[in-house]
Amino acid sequence: MTGTGLDGRTAVVTGAASGIGAAVAARFVAAGATVLVTDVDEPRGARLAESLGARARFRRVDVTVESDVESAVAEVVERHGRLDCVVANAGAVGRWRFLHDTPAQEWDAAFALLCRSVLFAIKYASLPMKAAGRGSIVATGSVAGLRTGYGPHAYGAAKAAVAQLVRSAAVELAPHGVRVNTLVPGGVATRIVGHGAGLTGDRLDDSVDTVRAGLRSLQPMPRAGEPDDLAGAAVFLASDSSAFLTGQEIVVDGGASLGREWPADATRMAARAEQRPT
Ligand SMILES: NC(=O)c1ccc[n+]([C@@H]2O[C@H](COP(=O)([O-])OP(=O)(O)OC[C@H]3O[C@@H](n4cnc5c(N)ncnc54)[C@H](O)[C@@H]3O)[C@@H](O)[C@H]2O)c1
């Protein structure tokens, strides 16, 4: 299927060799966009771009390197004369650590990868977008930035910071026709967990099935999130269907962040009430 809302548009997607970013790139191309697939994983990114056909290209971009992000934006503007969307999506979980055992350099690395990278994307993408009077920037957040327990301290803090950066950027850029939103995944079956555990090759690819099974009961909806669940929302955020939507966190988590599972508590409370002497 082609041409469902992004016809003639151009986009840069970071962290697009795998998982959510790969699904976003594929959905964008299917919706009619031309996409610069970017990642540090060159073989995988190049394979994906090739599989997506003539409207996809790969470029190596390390989102922690400012000039890499700047050059990716410049490439799209030079080739196509326009940049309509950037999805700042690259990320990794990092190590789970207690507070007293959190080294400053790991904290800084998490913020550089997860949050400063979003600043770079906004900083460079907003220039041609402002000049054109239109554009959509999407940052990938996390339920770990909304609730405790979904990621290490540094990861959750960096993702929460992304949402605030998006809000303040949205206000600065709104008068120029540029929208900025955070796409917030819950538990999604990707290689991110295996990658964090140091797996490589086939073992890393195989880990996705294990993660999918493990995530089944994380949220009220009894299945893991899939990259395509997020990709559909990303197409919406990139398209004119969301023309009046900016600065928001669009949570796509099967209900994971809504709160505790009430039936279990209700059963316990009812049992306690029955035991109470009258
Ligand atoms: N999978 C989940 O459950 C989940 C939940 C909440 C948020 N997220 C977020 O979604 C985004 C995508 O994660 P995913 O689950 O698709 O993981 P993934 O591991 O499948 O993909 C992440 C991609 O980012 C790339 N990457 C890592 N460091 C990079 C760098 N410095 N520069 C460029 N690319 C880099 C990796 O090579 C990889 O291709 C991340 O920001 C992640 O924090 C994921």
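Side notes on the structure shown:
- Subset of region 7-61 [within 18 Å of the chain's Cα centre (by Cα) and small (Gly, Ala, Ser)]: ALA11, GLY15, ALA16, ALA17, SER18, GLY19, GLY21, ALA22, ALA23, ALA25, ALA26, GLY45
- Any hit, region 117-131, residues being polar (S, T, N, Q), closer than 26 Å to SER168 by Cβ, within 16 Å of the ligand (Cβ to nearest atom) and not in a helix (DSSP H, G or I): no
- Residue ID - nearest to ASP240 (Cα to Cα), chosen from residues in region 79-116 that are among the basic types (Lys, Arg) and assigned to a helix (DSSP H, G or I): ARG79
- Condition met for GLY91 (without any contact (Cβ under 8 Å) to a residue 60 or more places away in the chain and not hydrophobic (A, V, I, L, M, F, W, C)): no
- Search result, residues across region 202-222 that are assigned to a helix (DSSP H, G or I), within 24 Å of GLY255 (Cα to Cα), open to solvent by 40 Å² or more (accessible area, probe 1.4 Å) and not basic (Lys, Arg): ASP209, THR210, ALA213, GLY214
- Number of positions in region 25-78 that are near the ligand (Cβ under 10 Å from one of its atoms), of a type in the set (Val, Ile, Thr) and not in a strand (DSSP E or B): 6
- So LEU199, is it open to solvent by 10 Å² or more (accessible area, probe 1.4 Å), near the ligand (Cβ under 10 Å from one of its atoms), farther than 20 Å from VAL24 by Cα and not in a helix (DSSP H, G or I): no
- Exactly one residue out of GLY91, GLY186, GLY135 is surrounded by 24 or more Cβ atoms within 10 Å (Cβ to Cβ), more than 12 Å from the ligand (Cβ to nearest atom) and at pLDDT 95 or above, and it is GLY135.
- Boolean, ARG9 is at pLDDT 95 or above, charged (D, E, K, R), surrounded by fewer than 16 Cβ atoms within 10 Å (Cβ to Cβ) and more than 28 Å from GLY145 (Cα to Cα): no
- Set VAL73, VAL77: member being in contact with a Pro (Cβ under 9 Å, 6 or more places away or on another chain) and open to solvent by 40 Å² or more (accessible area, probe 1.4 Å): VAL77
- Set side by side, the residues PHE98, PHE120 differ, and just one is aromatic (Phe, Trp, Tyr) and closer than 18 Å to ALA16 by Cα, which is PHE120.
- The one condition in (1) open to solvent by less than 10 Å² (accessible area, probe 1.4 Å); (2) assigned to a helix (DSSP H, G or I); (3) closer than 25 Å to GLY259 by Cα; (4) away from the ligand (no atom under 14 Å from the Cβ) that ASN181 fails to fulfil: (2)
- Residues of region 94-128 that turn out to be over 13 Å from VAL166 (Cα atoms), touching a residue at least 60 places away in the same chain (Cβ under 8 Å) and out of contact with any Phe, Trp or Tyr (no Cβ under 9 Å at 6 or more places or on another chain), as a count: 2
The values are calculated or read from the model by the stated rules, or taken from the named source; none is laboratory data. Remember, it's a predicted structure, so these values are computed and weren't measured experimentally. Reconstructed Cβ throughout: ideal geometry from the backbone, glycine too, with neighbour counts over all protein chains shown. With ligands, DNA and RNA removed, areas are computed over all heavy atoms of the protein, side chains included. Shrake-Rupley method; radii C 1.70, N 1.55, O 1.52, S 1.80 Å.
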